[in-house]
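> Input: one structure, supplied below.
The values are calculated or read from the model by the stated rules, or taken from the named source; none is laboratory data. Values in this document were obtained by computation on a predicted structure and should not be read as measured data. Glycine gets a Cβ as well: all are built from the backbone with ideal geometry, and neighbour counts include every protein chain shown.
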Amino acid sequence: MSSIFRQVRAMLRANLLGLRRRLAISVSMMLSVALVVCVLAGFLAMAAGFERTLAGTGSASVAVILGGGSNREAGSDIPAEALRGILALGGEIGVVRDTGGQLVASREVIGTTEVAAGDGAHAATLALRGMDLSGPDLRDGVALVAGRMFTPGTRELVVGLGLARQGPGGAIGGKVRLGALDWTVVGQFAAGGSAFESEVWADLDAVRAAFDRQGEVQSLRLRLAGPEAIGTLRAALGTVTATPLVVVSEAELYAGQSGRTADLIRLFGWPLALLMAVGATAGALNTMMSSVADRRVEIATLRALGFSRMAAFLATWIEASLLALIGVGIGIALSWLLFNGWQASTLGANNARMGFQLMVTGEVMAKASLLGLATGLIGGALPAIAATRLPLTAALKAGA
Amino acid sequence: MTEPATDAPYIALKAVQKGFKIGAEAVPIFTALDLTIPRGDFVAIMGPSGSGKSTLLNMLAGIDSPDGGELRIGSARLDRMGEGARSSWRAHSMGIVFQFYNLLPMLTAAENVELPLLLKPLAARDRRARVEKVLDLVGLSGRGGQYPALMSGGEQQRVGIARAIVSDPALLLCDEPTGDLDRKSAGGVLEMLRFLNRKLGKTIVMVTHDPRAASCARRTLHLDKGQFLEERRAA
Ligand SMILES: Nc1ncnc2c1ncn2[C@@H]1O[C@H](COP(=O)(O)OP(=O)(O)O)[C@@H](O)[C@H]1O
Ligand SMILES: [Mg+2]
């Protein structure tokens, strides 16, 4: 064990034993570090949860055909003649057929619509999807948990659990005004927390009639024979129509939408956390400067006995890091308790509200911890240098 | 260990200059200070407040450095050393006793005494043995576990002396070691210092205001206006 190690250990021990004298300011430093950690962890957990939700939505064995040069449902439009061509395709095209030889497919439109809450105070923007009767079966991992599916040709709704829990008017039997007409909620479905749960589903023709979108089809979902069959489908589509169509798997479609919003959350979270970290660093600097001032005589005495400048530096710096580390521990524990699994919602896939859970993942914790620790390391560095520059004779004169 | 005082200069100051800057103004303390102290001597330095006694002692301790001139202790040229070299010189070559003891309040007496030993390549068991031995020597056997706040001034100063001698340095520097003590405690501390000089052969330089303290020394130097005035040799 080298001398410098023993010196630092002895100095650090004296520091920590003397911490009681400057308890208030030390605790305030820990708490400000904890706050920084909480803020960053909160935002990152939000982004991670959002991403995880969209990444967990959709199946690789369902193909989504989009038209109009869009690779998102929002701007897509499939011309009627192209649609007829696709549905009339014979032979092996990689798509599952029903007993009657028809392709297992669902024509769909999606739109956003304002819903007034029961109390009339809040309005929420919902994603309303019109689909063929086979639409629900084309969603893997979706299960009706209450009520029944909508009946074709009627203004009936089934509501995702995510919406039913927090959105207005999700209860079965409830009337919801969409567009100019009243609709009846007849069922609720679960989808493992995925983005599907933030949608409202209804009959295709009923939606098109209510919103004056007769004849329109935005996307066509097809049940693939398997994930790799999408290549076969693409090849087959090339022969059908001159209209450029985009074919993606449903899983890709949702995952592709997560990037922008998650990045936006991070883009907002990082500067805010960094700004607070600057404040916390100033706090750490102040705390450690007062620690050095408080330990002036002790430091000078040890230095007079032959303790090195390096030991004075390290003992102060490590004290700062330990305080920051405790702050990090508090911050992580709080983030976990407060945020992990917390239900949030934001504008999602189709500019409608999408529910998701915050996830305090390992990566989130690591990043927030590093930022918290950095405040201690940076804020503690200058005071640690000050500890090495302490004028010994003056400090010893203050002896008593 | 017991060496008789010889006339070979152990400490030698030649034309040492030292001053302080107060604001923009340079205030000289010493313009050309000469001093030689042989090995095994016990020197008391007296003089009015502000005459530079502490400044001189701090230079001898390697805590402060001269602005000019030569300062040699043993074979070490302290005037030529940087801060790093001086701090390791301090660790190995001298022990220092402060007027206000300068014990670390959160450490026990034994832990305070052990501090200088942490600078040496010693195992914990050896450190403990030496701490016990010096606490014995200063008459504080069995008191190692006590905190300084629970000790009298005289006891605290004896802990301070134990800390100064625990690593067995040849040179002991004391800045008004009895300045804060009552008469009886002061007597005990002085007896201790005399013992360290006479029996263990330590070279001691002690700054003091107290003529009785000075009478323990082998000789007394009077410092005034940056110069030594007169010299009185004890019997
Ligand atoms: N660190 C310092 N900065 C400025 N002036 C100092 C400093 N140390 C001592 N002095 C001045 O130097 C002079 C001698 O101080 P000092 O050696 O402490 O005297 P003494 O110990 O004999 O009372 C005093 O005038 C004092 O004000
Ligand atoms: Mg003095």
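> Could you check, for the stretch A:28-37, whether at least one of its residues is crowded, with 21+ Cβ neighbours inside 10 Å, closer than 30 Å to A:ALA304 by Cβ, touching a residue at least 24 places away in the same chain (Cβ under 8 Å) and away from every other protein chain (no Cβ under 14 Å)?
yes
> Filter the stretch B:50-60 for residues that are in contact (Cβ under 8 Å) with a residue 40 or more places away in the chain and of a type in the set (Ser, Thr, Tyr); which is nearest to ligand 2 (Cβ to nearest atom)?
Per the stated criteria, the residue is B:SER54.
> Same structure, new question: Is at least one residue of the stretch B:21-36 under 16 Å from B:LYS225 (Cβ atoms), more than 15 Å from ligand 2 (Cβ to nearest atom), within 14 Å of chain A (Cβ to nearest Cβ) and not hydrophobic (A, V, I, L, M, F, W, C)?
Looking for residues that are under 16 Å from B:LYS225 (Cβ atoms), more than 15 Å from ligand 2 (Cβ to nearest atom), within 14 Å of chain A (Cβ to nearest Cβ) and not hydrophobic (A, V, I, L, M, F, W, C), one finds none in the stretch B:21-36, hence no.
Residues checked against (1) among the aromatic types (Phe, Trp, Tyr); (2) farther than 30 Å from B:ASP168 by Cβ:
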site: A:MET288; (1), (2): no, yes
site: A:LEU314; (1), (2): no, no
site: A:TRP336; (1), (2): yes, yes
site: A:GLY362; (1), (2): no, yes
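> Output the residues belonging to the stretch B:94-108 that are more than 16 Å from ligand 1 (Cβ to nearest atom), over 13 Å from A:ALA14 (Cα atoms) and out of contact with any Pro (no Cβ under 6 Å at 6 or more places or on another chain).
The one that is more than 16 Å from ligand 1 (Cβ to nearest atom), over 13 Å from A:ALA14 (Cα atoms) and out of contact with any Pro (no Cβ under 6 Å at 6 or more places or on another chain): B:TYR101.
> Give just the number: which of (1) within 24 Å of B:GLY187 (Cα to Cα); (2) within 13 Å of chain A (Cβ to nearest Cβ); (3) over 22 Å from the mean Cα position of the chain (by Cα); (4) of a type outside the set (Ser, Thr, Tyr) does B:ALA124 not satisfy?
Only one criterion in (1) within 24 Å of B:GLY187 (Cα to Cα); (2) within 13 Å of chain A (Cβ to nearest Cβ); (3) over 22 Å from the mean Cα position of the chain (by Cα); (4) of a type outside the set (Ser, Thr, Tyr) is unmet by B:ALA124, namely (1).
> Which of the strands (runs of 3 or more DSSP E) found entirely inside the stretch B:123-235 contain at least 3 residues meeting this: within 16 Å of ligand 1 (Cβ to nearest atom) and over 28 Å from B:LEU107 (Cβ atoms)?
Hits in the stretch B:123-235: B:219-224, B:227-233.
> Go through the residues of the stretch B:51-65 one by one and say whether even a single one is away from chain A (no Cβ under 14 Å) and either within 12 Å of ligand 1 (Cβ to nearest atom) or over 15 Å from the mean Cα position of the chain (by Cα) (or both).
There is at least one residue in the stretch B:51-65 that is away from chain A (no Cβ under 14 Å) and either within 12 Å of ligand 1 (Cβ to nearest atom) or over 15 Å from the mean Cα position of the chain (by Cα) (or both).
> Test of understanding: among A:THR261, A:THR281, which residue is part of a helix (DSSP H, G or I), touching a residue at least 40 places away in the same chain (Cβ under 8 Å) and surrounded by 22 or more Cβ atoms within 10 Å (Cβ to Cβ)?
One residue alone meets the criteria, A:THR281.
> I've got another one for you. If I go through the stretch A:299-313 residue by residue, how many of them are under 26 Å from B:LEU60 (Cβ atoms) and either surrounded by fewer than 21 Cβ atoms within 10 Å (Cβ to Cβ) or more than 9 Å from chain B (Cβ to nearest Cβ) (or both)?
Number satisfying all stated conditions: 5.
> Could you check, for the stretch A:354-361, whether at least one of its residues is assigned to a loop (DSSP other than H, G, I, E, B) and within 14 Å of chain B (Cβ to nearest Cβ)?
no
> Being within 30 Å of A:SER258 (Cα to Cα), among the aliphatic types (A, V, I, L, M), assigned to a helix (DSSP H, G or I) and at pLDDT 95 or above is the requirement here; does A:ALA333 meet it?
Here the answer is yes, as A:ALA333 does meet what is asked.
> Between a first residue in the stretch B:193-205 that is free of Cβ contacts under 8 Å to residues at least 60 places away in the same chain and a second residue that is part of a loop (DSSP other than H, G, I, E, B), which pairs have beta carbons less than 6 Å apart while being 6 or more apart in sequence or on different chains?
B:LEU196/B:LYS202
> Taking the stretch B:158-176 on its own, how many of its residues are within 16 Å of ligand 2 (Cβ to nearest atom) and away from every other protein chain (no Cβ under 12 Å)?
Here the count works out to 1.
> State whether one or more residues within the stretch B:95-104 are more than 7 Å from chain A (Cβ to nearest Cβ) and within 16 Å of ligand 2 (Cβ to nearest atom).
yes
> Residue by residue through the stretch A:58-96, note down the ones that are out of contact with any Gly (no Cβ under 9 Å at 6 or more places or on another chain) and crowded, with 19+ Cβ neighbours inside 10 Å.
Matches in the stretch A:58-96: A:GLY58, A:VAL62, A:ILE65, A:GLY67, A:GLU73, A:ILE86, A:ILE93, A:VAL95.
> Against the definition (out of contact with any strand residue (DSSP E or B) (no Cβ under 9 Å at 6 or more places or on another chain) and either within 16 Å of ligand 2 (Cβ to nearest atom) or under 23 Å from A:THR388 (Cα atoms) (or both)), how does B:MET46 come out, yes or no?
The answer is no for B:MET46.
> On to the next question. If a residue has to be crowded, with 19+ Cβ neighbours inside 10 Å and farther than 25 Å from B:ASP210 by Cβ to count, how many in the stretch B:19-45 make the cut?
Number satisfying all stated conditions: 1.
> How about the stretch A:36-74: which of its residues are acidic (Asp, Glu) and in a loop (DSSP other than H, G, I, E, B)?
Hit for the stretch A:36-74 is A:GLU73, nothing else.
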